[in-house]
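Scroll down for the structure; my scribbles are underneath it.
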Amino acid sequence: MRPITLDLDPQGRRILSCACGTIEIARANDWQEFTIEALDHDLARVTCDRCDRQARLGLDVEPSPSPQPTW
């Protein structure tokens, strides 16, 4: 099991969770419980601020634009 995982809920919100029990839902890329550091190739180093565990995840660290409807 990875120490930190990234999931999406049915509404498309990103949820980070750590093996220590820390869970957080993203609020416009403003993470309070995790530190996110951009790496190469669209990866990020994610650190749990509670226990200092780290993981490399494929995570957009920049806000992505909302999809525009194609009508």
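Among 18-28, 46-56, what's the highest-first ranking by average C-beta atoms within 10 angstrom per residue?
Top to bottom by mean Cβ count within 10 Å: 46-56, 18-28.
Residue order by solvent-accessible surface for I15, I4 is I15, I4, largest first, with ligands and nucleic acids left out and a 1.4 Å probe.
The values are calculated or read from the model by the stated rules, or taken from the named source; none is laboratory data. Worth saying up front: this structure is predicted, and the values here are computed from it rather than measured. Quick reminder, even Gly has a Cβ in these numbers, built from the backbone with ideal geometry, and neighbours come from all protein chains shown. Side chains are part of the model used for accessible areas, which takes the heavy atoms of the whole protein and leaves out ligands, DNA and RNA. Shrake-Rupley method; radii C 1.70, N 1.55, O 1.52, S 1.80 Å.
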